[in-house]
Structures are given as C-alpha cells and as structure tokens.
1. Cα-based Rg of segment 427-516 per 2.2 N^0.38 Å, rounded to two decimals?
2. What are the ³J(HN,Hα) values, in whole Hz, obtained from phi via the Karplus relation 6.51 cos²θ - 1.76 cosθ + 1.60 with θ = phi - 60°, for each residue of segment 449-458 in sequence order, with x given for Gly and Pro?
3. Tally Lys/Arg at +1 and Asp/Glu at -1 over every other residue whose Cβ is under 15 Å from the Cβ of residue 568; what's the total?
4. Based on alpha-carbon atoms only, what is the radius of gyration of segment 284-427 relative to the globular estimate 2.2 N^0.38 Å?
5. May I ask you to list the GluC sites (Glu not before Pro) in segment 460-527 that are in a DSSP loop and have at most 12 other Cβ atoms within 10 Å of their Cβ?
6. Any idea what log10 I(q)/I(0) is at q = 0.28 Å⁻¹ for segment 27-74, Debye with uniform C-alpha scatterers and no solvent?
7. Of 271, 575, 242, which is farthest towards the positive pole of the chain's charge dipole, taken about the Cα centre with +1 and -1 on the beta-carbons of Lys, Arg and Asp, Glu respectively?
8. Excluding residue 353 itself, what net charge comes from residues whose Cβ is under 12 Å from its Cβ, given Lys and Arg +1 and Asp and Glu -1?
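Read-outs: derived from the displayed coordinates by stated rules, not from any lab. Given the structure is predicted, the values throughout are model-derived calculations rather than measurements. Note that each Cβ is placed from the backbone with ideal geometry, even for glycine, and that neighbours are counted across all protein chains shown.
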Amino acid sequence: MNPLAEEYSDKPCLIEKSGVVSGINKAFIELSGFSSDELLDKPFVYIWNELLRINAGPDFTGHQKEAWLFTRELKAKCIIIQKHKGVTVGETGYIFIYKPFSRLDDEFPFLDNLYSKGTSGVAIYSIPDFILIKANQTYLNFLDESQRSRANSIGRSAYSIIGGFKGSTFEKTALEIIKTGEIKELKDEPFHGYSRGTTYWDSTIVPVFEAGCIKYLIQVSREVTEAVNNRKLLAEQNKLINEQKKQLETILENMSDCICIFDKDGKYTLFNKAAREMYFSSYEYMNKMEDGHYHAENYDSEGKRIPFWNTPSYRVMRGEKFTSMRMEVRYADKIQHLEVSGTPFFDNDGSFKMGILCSRDITSLVQKESLILRQKEELLNAEIQTREALEASLKLKDEFIYLISHEMRTPSAIVSSALQAIELMYKKEITPNVKKHLNTIKQNTNRQLRLINNLLAITRISSGNIKLNRSAFDIVFLTKAIVKSVEVYGKQKEIEISFRSKLSKKVIFLDEEKYERILLNLLANAVKYTPVGKKIYVSLYTKRAMNKNMICVSVIDEGIGIPKDKKDLIFERFGQVDSSLSRQAEGTGLGLTLVKMLVEAMEGEICLDSELGKGSTFTVMLPIVKPVADIDNAHSCHQGGQLYSNDDRIVRTASIEFSDIYFD
Ligand code: ADP
C-alpha cells in the first residue's frame, strides 16, 4: 500500500506516478465504484478524463478545487480534490472529498418524479462548463443516435453531445440565464442541430444556485415537432383553402350567370354580382326564399303557373337536382325568361345543408327563338303554298299532256289502221316505190304512236290512275313469244336475239300487257344500242329477294354500255346518256321512265348492270303473286307451243316499240 494512501486511508485517494495510476485506496473504490483492476497501472490521463470524467484537469495551481466525478454507474458526485506531493519522488497524490449536501438526489427530489414519467426529457447541466450531469432516457432519446446511451452522454459537455448546440438558441438562452439568473421558457423553439433535421421544442430551463452562483441548469423539454409541423401544414392548407375560396368568390362574383346560395332555413347567404343586379332591381327585399313570391309569378315553359312550393329553390330544398330548367317570371311591369339549374348539398348524415341556384336571363334568346319559329312557320306556309301551286300546275300540265296526247292518238291510230288496211287489201297493187313510202309513213306513225302511248301511260301513272289487270299466264311461254316476235328487228342489224331459261313453264298472276310492254321496251333499247353483228340474250329465272319469291327477266346485250354516273339519270323523264347519240337512234328518253313506273306499280324492281363498251344487263324482278283461281287451266291456248290469241297485239306493240329501228 502506498504510504500516501495509508496516510489518508479514510479519504478516497488516487496516486499517479510516471503517467499511470500507481495507487488507490479502498475509500476511492467505494466512491468511484470502479475496481482496482480497472484503475491501477492504467494511463492516468485516460482514467481521469474517460473513466472518472472529472471536469477539472489534474493540474491546478491551488491546493484544492471543486469538480464533478462520475462513478461507474455514471452518477455525478460533487467533490473537492486536493493535490499533494507524493511520498516518493515523482508521485502525485489526489484526495477526493465528498462535498457535503451535494447529492443531487437529495437536492432535487422532484426531479425523480419527472424522470420516471418519461413524457418530458429532463437533464441537469453543470455550469459553467455545460457538463451533462444527469438525464432521463427520454431526454437522451432526443439526442442523435450515437449519443443516446448514458455511457456516451453523461459526464460529457453539451457541446460534444449536441451537434448544433454552439450558436443555437438553447446555448444563447442558457448563457442569458447564467447572466440574469432568470428561468426561461421556450415555446415551439426550432432546433437545427440534430441530424434528423429541424425539430421543435417546448422547454423550461431553470437555474439552480449554490452559494450565490449558478451551479446547475435544469432543462425540462418536450418535443413538439409533429404538432408544430401539423400546425404549419394546417396553416398552409388553410392559406390554400382561403386562396381558393377567394378565387372561387372572385369567379362567382364575376360570372355572368346569377348565383344564389341559401341555407337549410331558406335564408340567402350569397348573391353574386349578376344575381344582385337581377334580383335587387326587381325585388324590394330578398332575404329569404319566399320573399320572391310576393313580387312575381312563375310559369313553366308550357305557360303553366308554377306554385310557390314547386319553384326552383323549394325543389332544391327537397333535395332535387336539375339543370337548364326554363321558366318565365312575370312581374307587374315585365316578363323575364330564365334558365335555372339547382343543386342541393347535404350533411354527412344526409340532411339538407344548403342549395345553389344558378340562373341565366334568356329573355332575348327566347324572343329570338320565337321570332325564328314564327319565321320558320311563315316559310313553311309559303313553301306549302308554293308546292301546292306547283302540284296544281303539274296536274294541269299532266292533264294538258294527257288531253293533247289523247287527241293526237286518234288520228295516228287511224293512219296506222289505214296503212294496215292498205297492206292487207291492196298488197298486189303496191309498187316497190309506193311500198317504200308507205314504210316511211308506217314507221313514223308508229314512232308518233309510241311517244303518245308513253306520254299517256306516264301521265296516267303519275296521277295515280294506273290499273293492274292481273291474269294467270305462263310467263315462260309469253317471254319466248315476245323474243320470237322481235327477232325480225334484230336481224335488220344482224343481231341474234336468243331466249334462255331453265324454266319450262311458270304460270304466274300478273298484268300481262304491262309485262309485254316492259320487255319490248328493254328489247327495243338493247337492239337500238347494240352494234351490228353482236348478240342479245333474254334470260328468265326465279329468285328469292326481299323476302319474296321473284320472277326475274334479264335483257343482256353486248352494246355500247352505260356510264356509271348516268345509271340513275336514264330512268328519269327524258334522261339520256348522250342526247346526240340518242337522237341518231331517234329516242325520246321516256321509255325507261315508263318501264320503271310499270315495274314499281307491280311492286317490283329494276336494276342495271353495265360496263361501258361491253354491254348492259337490265333486270326486272317482279314478285310472284299466286292467283286465287285454279291457275293450271290458265291460258290453255299457251300450250302446245302455239302463239296465243294476243299474238297480234304483241306484233303490233313490237312494231310500235321498235319504230325507232329502221325496218325494211
Ligand atoms: P330512248 O327513247 O332515248 O331510248 P329510254 O328511256 O328507253 O329512252 O332510254 C334512255 C337512255 O338510256 C337512252 O337514250 C340511252 O342513252 C340509254 N339506254 C337505254 N338502254 C340502253 C342499252 N341497252 N344500252 C345502252 N344505253 C341504253
């Protein structure tokens, strides 16, 4: 045992020699809580600074000084250190005297309470060196991660354990307290020193005096970062909401539509400028919904009175939403037309909270609309009158044409009959020269008759005076007969006309005469517009179209064809592909018009398929109508391949239809 230690065996004592701890006594082990193994022969500076964390250096000029020593459990003990020369050369001895009444626990019994509650961080710093003497874990948890253990923070200066302490408000406040001795409270104080960024604190810092000097600062802090941030966020949101509210108010205020908002009691809470201008000029006062009813009457777009309980505001209050409802407001001195939209708003529990009405003055629009409507009506009436006049004049024209045609038909028919009589009765007396002239007369009379017949038929059909004389006949037989009867005209141009059909017999119920006329017309055109030496085919077949069984007859030629853009035109009155060419062929442009009319009168259809320079196919489709009577016996005269009794008529009609073709 070191003599110095022996001498002061009752007081804690530590001996240093040649930079190491060379001796300690039992009292020191009791004071510090360290074992002799942990202290002896260890570097003196390390023991002094790191283990004992004595806040005063080992070299001091006076004989003794006061300091803090930290035990193995990191309990701060206030001690007075006395420095002595050692017993042997090179030895220095330090005696530690426990300062009486300096036990922190005794001094601040209330702190224990605060420590244990854990909601606030409590720390005691020594003054003037800001050594952290004592702190609860809550306080330590405020520090940066590396400083949160007691071993890393107790006994260390605030400057070393709190990164941003120097220059911070906390340092400044502490220094001020030291100067003034006053307690300070910090509220929502920002601190930027921690690595986790800016934090906010509510702190109370209390100075503790000893012998007239401040010896400690007790800091009680609570982190309020989240609350402050929330408050800030809230403030920002509020700001934003306020800005948006302002914007909305500005928009509302400057809208050309009138906006009124009313609460659940029907009390108006907002009128925008347009609404103020509209209502306040018409109403004396306008505080509640019902105020309007004393000043005006409301009508719907059909002119029906709207009872007060069904006016827009009441409807909204009942929870109805509607848009662009038109209504009329009748004041004593004026009528106003409005277009109103209403929207209700509800509470979370679904009860009506407020309503918004958006109305627009559409008086001038309504006036314009009714003006346009009136003008339209006038126009329509004028149009109807014009059409009626036109129809009347057309009717008159048709009547005129009909009359003239009729008048012209008689002489032509007489001439035609006379010619036939001459041919029959004076056949032998007719010289070739006379025959030539007679032929010219016959052809031109037939041409005239054809024109007259077509005109008569067209005017009759267009005035609705068409009669269908349906009878049962074998269409195969008739078609064949017609083709046969016109072969002679084909021969004039060395054109072969042939009939093709898979059907051997097909008795149908049709207007035979009209069918003849249709087919002869198409055949005459085919011969007319087919060059010398080419062929014409007539094909007869049945087909299902438009949900009906149809009988179809196609006249197929190898003629000049019809351009696509003229396909519709040729079915119109006087419609010709090329009038000069047609004139060569002496056409009138009425034939196909009549054909189409006849086909349609029989509820059929005509279609054209043509290629310019290659030929045309005209197809007539007629619905097969079953006769009521026994049709097997129909036209028994058709049987046996004989021409039937109407054969003469076909020859006569053919000669008229083919009158455009020069016939020798
Ligand atoms: P047109 O008396 O002029 O022949 P249509 O009404 O019978 O009168 O025919 C109208 C026009 O349709 C004709 O002028 C002709 O240009 C054209 N056309 C009719 N049939 C044929 C055909 N088979 N080939 C070529 N063109 C035709």
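1. 1.47
2. For segment 449-458, the Karplus-derived couplings read 4, 4, 4, 5, 4, 4, 4, 4, 5, 4 Hz, x marking Gly and Pro.
3. Around residue 568, the charge tally is 0.
4. My calculation over the Cα atoms of segment 284-427 gives 2.42.
5. Sites meeting the loop and neighbour criteria: 494.
6. One equal scatterer on each Cα of segment 27-74 leads to -1.16.
7. 575
8. Around residue 353, the surrounding residues sum to -3.
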